[in-house]
Amino acid sequence: APEPGVVSWRGEGRILVVDDEELVRSLAARVLEASGFEVVGATDGLEALEVFERAPDSIRLVLLDWMMPRLSGAETLDALRERRSDLPVILSSGYAEQTVSGRLDDRLTVFIQKPYRPQELLAKVKAALA
């Protein structure tokens, strides 16, 4: 049974979850898969770009951690958008939204603050895909 207050909205397609924390990736994957999505994970920006390159048109949305080793969220976002300008991205960070507010200038970019609840994540995904 769904948790009380969880949106019973269903989605479809593939979501790329990029986070250097295993726990965050697995939580997001569980929530998204339970809502009908297929999830592919990456531990940092470089891995995310490798995964994306393999099937760029199959990814409907990217959930992207802002603070990561090797390639930052900002650099990863730029690289993804160079490859596909219409790609919806949800930026996630433990810091306040102000830290990424300069990047929230278009309707394809949404922010979620960590730690987030399952229903918050689903609401953001729904908004980003709308």
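The values are calculated or read from the model by the stated rules, or taken from the named source; none is laboratory data. All figures in this text were calculated on a predicted structure; none of them were measured in a lab. Neighbour counts run over all protein chains shown; Cβ positions are idealised from the backbone, glycine included. Surface accessibility is based on the protein's heavy atoms, side chains included, excluding ligands, DNA and RNA. Shrake-Rupley method; radii C 1.70, N 1.55, O 1.52, S 1.80 Å.
Data table
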item	result
The lone exception for residue 107 - which of (1) within 22 Å of residue 37 (Cβ to Cβ); (2) at pLDDT 90 or above it fails	(2)
Failed item in (1) under 16 Å from residue 117 (Cβ atoms); (2) under 13 Å from the mean Cα position of the chain (by Cα); (3) surrounded by 18 or more Cβ atoms within 10 Å (Cβ to Cβ), with residue 35 passing the rest	(2)
Which listed residue is at pLDDT below 95 and in contact with a Phe, Trp or Tyr (Cβ under 9 Å, 6 or more places away or on another chain), from 3, 97	97
Qualifying positions in segment 95-130 - under 14 Å from the mean Cα position of the chain (by Cα), farther than 18 Å from residue 59 by Cβ and small (Gly, Ala, Ser)	123
Meets criteria (open to solvent by less than 10 Å² (accessible area, probe 1.4 Å) and at pLDDT 95 or above) for residue 45	yes
Residue that is touching a Lys or Arg at 6+ places or on another chain (Cβ under 6 Å) and within 22 Å of residue 114 (Cβ to Cβ), where the choices are 46, 61	46
Test: residue in segment 94-103 that is under 15 Å from residue 28 (Cα atoms) and among the basic types (Lys, Arg)	no
Residue count, segment 22-50 (criterion: within 19 Å of residue 69 (Cβ to Cβ) and free of Cβ contacts under 8 Å to residues at least 40 places away in the same chain)	14
Strands (runs of 3 or more DSSP E) enclosed by segment 27-110 - at least 2 residues per element that are in contact with a Pro (Cβ under 8 Å, 6 or more places away or on another chain) and either among the aromatic types (Phe, Trp, Tyr) or under 16 Å from residue 16 (Cβ atoms) (or both)	59-65
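Let's see how each residue does on (1) in contact with a helix residue (DSSP H, G or I) (Cβ under 9 Å, 6 or more places away or on another chain); (2) open to solvent by 20 Å² or more (accessible area, probe 1.4 Å); (3) of a type in the set (Val, Ile, Thr); (4) within 13 Å of residue 91 (Cβ to Cβ):
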| site | (1), (2), (3), (4) |
| --- | --- |
| 10 | no, yes, no, no |
| 26 | no, yes, no, no |
| 30 | yes, yes, no, no |
| 41 | yes, yes, no, no |
| 50 | no, yes, no, no |
| 69 | yes, yes, no, no |
| 72 | yes, yes, no, yes |
